[in-house]
Amino acid sequence: MDFLKGISASYINAVKACFQLEIEQQDLSINETRKDFNGDFTFVIFPLVKQLKKSPLEIGNTLGNWLIVNEPKIVGFETIQGFLNVTLSDKFWLDTLKLITETLAFGTQPANNKKVLVEFSSPNTNKPLHLGHIRNILLGWSCSKILAANGYDVIKTQVINDRGIAVCKSMLAWQKFGNGATPESTSVKGDHFVGDFYVRFETEFKKEFELFQKSPQGIELLATQRKAEQDVDIFWKEYKNKYFNEYSLLGAEAKEMLLKWESGDEDTKSLWQTMNAWVYTGFNATYDKLGVNFDSLYYESDTYLLGKKAVEDGLIKGVFYRQDDGSVWVNLEDVGMDRKIVLRSDGTSVYMTQDIGTAQQRYEDFGVDKMVYTVADEQDYHFKVLFEILKRLGEPYAEGLHHLSYGMVDLPTGKMKSREGTVVDADDLVEEVINEARNMSSERGEITALPKDEQEDILRKIGMAALKFFIIKVQPKKRMIFDPKESVDMQGQTGPYIQNAYVRIQSIKRKAGKDILEDGWTMYVDLEEPEKALIKHLLIFPNVVKEAGEQYDPSSIANFAYNLAKAFHRFYHDVRILNAETEEAKAFRSKLSEEVGKVLFTAFDLLGIEMPDRM
C-alpha cells in the first residue's frame, strides 16, 4: 500500500480544480519537508511554472488555499520559491497510525509473480573470505531480502571460482611443503588452511626469484630489461608474469598441474577435490556466522565450458564475426564500446564466453525475469559488454540485467593483498567485533544476570550489527575505508545505537504488561511534535523499501533505520510514556513505540541484522 498516495491525490485534484491541468502520479515529486521550514510534506511545483506561465508563488498559494478549503487532512501551507509545504492534521496522523497497525507485513509488497536471481559472494577456492567479500556478501544478501519484500521470488546464487592457475598454486604448495597435513591435523579452519598454502607459494616464488637474480641468466635479464634507475621491486612488479611464465620452475610446475587438471588426470583431480572440500567446509562456517545462505551453486569447473554454443548461434545471427585466425569477436563500437573476443583462435573460451553461457544456463534452470550480479566496480566495463551481447543475442531476460556495482574496501594503511596475506580476514573480523561488544557489555553490566548462553547470543547480535551496519550504511558505489575501531563504536550512526532503540521499546512493553487501557490509544486526540515525527517516519517506510529495491541500494534502508531510531530516542526523552499524564496518552505512546519497534525490526531484517531483546 502506498501510504502517501492519498496526499498525492489531493495535490493532483488541486491542480486539476485550480488550473484545469491533468498530471499523473508518476510525474509528481513529494518529499518530507526540510526541518528548517514549516510543514510535513513538500510538493515540487517547478514543473507547473513553465506549463502555466505563472510565478511559483502564485501557483503555490492558489493550490494551498484550495487544499485548505477542500481537503480536511491539510490544515496549513507555505510557498517557498518553487516548493509547496503542507501541514497535515492530527486526525490524519492518528488515522495513519491506525492504518499502519492494521496492515499486515507493513512495508512490504504482495507477490508480483516475477523471479529475480541475485548472485553474490562468488569466492575463489585458493583463499578464505575477507573484508572485501564481506561487503559483497552483505550487499547481495540484503538486496535479496529487499527484492523479496518488493514481491519478487528471489533465487540466491554464487559462482565458485574453483579452477585455474591460482588454485593450482595452493595445490602445488601443499604437495611440496604440506607434509601430508590437513585442517584436522593442524586444527586450522579449511579455507584458512588452503589460503596459507597460497601465501606460501608466493613466498617461495619470491625466494626463487631472489636466487634467479644472481644466476647468469638472471643477471643477463636484469641487464637487458631493467632500466638502470629501477630497483628490483619495480622490476618485480613489471616483469613478474614474464618471469612466472618463462623462467620460474615453480611457475612451470603450477602450469603443468593446470594442464593435468584440464586433461582429467586422476591424481590431480583427487587432490583438487580434497582441497576444495576443505575450503567449502570453511566457507560454510563463515556464511553461518554472517547469517547467509544460497539456493543454488554454480562452479566454474562446470561453467567454463559453457557459452560455445551461444557463440555459434551468434555467428549465424550475425552478432559475432570470425577473424582469419579463427578467433571470434563482437564489434560494439556503435554503442561506444570496443571489439571484444569471445572465442580464441584455438577454440578455447574467455571469461565473457563463460558468462554468456552461465546466464543462459540460469535462465534455463529458473526462468527468471531479472539477474543481479553483485561484483566490484573493477568489472563495470565487463558487465556493460556482457549485457549488450545478451541483448543482441535476443535473450528474453536481457532487459532485466543489473550489475550491483560497489566500491572496493581499503584499509587505513592501503589496499589489501591476498597473495601477501595482508587482508582483513572475515572470521577474525567477526570475532573482533563480538569481543568489542563483550568489552562494552562488561563496562555497563546490564546483561550479567542472564544465563551465559543468552549473554553470548546478545553479544553476537550486537557485534554483528556493528559490523554489518558499518558496511551497509555506505552507498554501494562509494569506495570505502574500513577502520576496525570505528566500525565497533557503539555510539552515533551505528547498528548498536539502533538496536538500543529497539531494546528500549521491548523494555517498555515488558513494564507496561497488561496495564494498558484496551483501545485507549484510539481515544488520544492532541498529538505532540515528537509523536507526529515518529508517525511521519513510519509513513514513509514502504516507499523507502520500494525505492531501495528499484535502486538496489540497502544503504537507504540503513539510513532510514538510523533516523527512525534517532527520532525514537528523542521521543523517549521528551515525553512521558508509562507515567503519561492520562491513560489515553499512556496507551497511545505505548502503541506508537510498539509500531516503531516492529518497523525497526523489519528494516534490520532486510539488512540481514538481528535484534536483541536486551543489551
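Just so it is clear, none of the values below were taken in a lab; they were calculated from the coordinates. From a predicted model like this one, the values you see are computed outputs, not experimental measurements. Neighbour counts are summed over all protein chains in view; Cβ atoms, including those assigned to glycine, are modelled from backbone coordinates with ideal geometry.
In a reduced charge model with +1 at each Lys and Arg Cβ and -1 at each Asp and Glu Cβ, the range 448-560 shows a dipole moment near 440 debye about its Cα centre. Here the dipole of the chain is about 600 debye; that uses its Cα centre as origin and unit charges on the Cβ of Lys and Arg (positive) and Asp and Glu (negative).
By the beta-carbon count within 10 Å of each Cβ, the least crowded to most crowded order of Phe41, Phe568, Phe366, fewest first, is Phe366, Phe41, Phe568. The alpha-carbon of Lys370 sits under 19 angstrom from the alpha-carbons of these lysines, leaving out residues fewer than 8 places away in its chain: Lys114, Lys115, Lys145, Lys156, Lys384, Lys391, Lys546.
Determine the shape class of the range 426-606: with a ≥ b ≥ c the square roots of the Cα gyration tensor eigenvalues, call it rounded for a/c under 1.5, and otherwise prolate if a/b is greater than b/c, oblate otherwise. It comes out oblate by the Cα gyration axes. Classify the range 5-88 as rounded, prolate or oblate from the Cα gyration tensor: take a ≥ b ≥ c as the square roots of its eigenvalues, call it rounded if a/c is under 1.5, otherwise prolate when a/b beats b/c and oblate if not. Verdict is rounded for the range 5-88.
Within a straight-line Cα-Cα reach of under 22 Å, Lys50 can be paired with the following lysines, leaving aside sequence neighbours fewer than 8 residues apart in one chain: Lys16. What the phi angles of the range 378-385 give under the Karplus curve with 6.51, -1.76 and 1.60, with θ = phi - 60°, is a coupling list of 5, 9, 3, 5, 4, 6, 4, 5 Hz, glycine and proline written as x. All other residues whose Cβ lies under 15 angstrom from that of Gln20 are scored, Lys and Arg at +1 and Asp and Glu at -1, for a net of +2. Think of the chain as a dipole: +1 on every Lys or Arg Cβ, -1 on every Asp or Glu Cβ, centred on the Cα centre; then among Ile462, Tyr572, Tyr552, Tyr572 lies furthest on the positive end.
Would you work out the charge dipole size for the range 5-88 about its Cα centre, treating the Cβ of every Lys and Arg as +1 and the Cβ of every Asp and Glu as -1, and quote it to the nearest 20 debye? That gives a dipole near 120 debye.
Helix 555-574 against the longest principal axis of the chain: what's the angle in degrees, Cα atoms only, rounded to the nearest 10? The two axes meet at around 40 degrees.
If you take the charge dipole of the chain about its Cα centre, with +1 on Lys and Arg Cβ and -1 on Asp and Glu Cβ, which of Val330, Leu538, Thr274 is farthest toward its positive end? Among Val330, Leu538, Thr274, the one farthest towards the positive end of the dipole of the chain is Leu538. Sorting Asp380, Asp355 from the fewest to the most surrounding beta carbons within 10 angstrom yields Asp380, Asp355.
Sorting the segments 369-375, 552-558 by their mean number of nearby beta carbons within 10 angstrom, highest to lowest, gives 552-558, 369-375.
The angle separating the long axis of helix 249-262 from the principal Cα axis of greatest extent in the chain is about 70 degrees. Quick one: grab the alpha carbon gyration tensor of the range 308-348, order the square roots of its eigenvalues as a ≥ b ≥ c, and give me rounded if a/c is under 1.5, else prolate or oblate depending on whether a/b is larger than b/c. Verdict is oblate for the range 308-348. The angle between the Cα long axis of helix 90-102 and the longest principal axis of the Cα atoms of the chain comes to about 50 degrees, rounded to the nearest 10.
The number of Lys pairs in the range 217-362 with C-alpha atoms less than 23 Å apart, excluding pairs fewer than 8 positions apart on the same chain, is 15. Our helix-only sum for the chain, with -39,500 (n - 2.57) per DSSP H run of n ≥ 4 divided by its residues, gives a mean residue ellipticity at 222 nm of -18500 deg cm²/dmol.
According to the Cα-based calculation, Rg over Rh for the chain is 1.05, with Rh computed by the Kirkwood formula. Residues whose amide H lies under 5 Å from that of Val75, counting only those 5 or more places away or on a different chain, are Thr87, Leu88, Ser89; hydrogens are built 1.01 Å from N in the peptide plane.
The ranking of Asp196, Asp295 from fewest to most other beta carbons within 10 Å of each one's beta carbon is Asp295, Asp196. Secondary structure note: in the chain, about 50% of the DSSP beta bridges are antiparallel.
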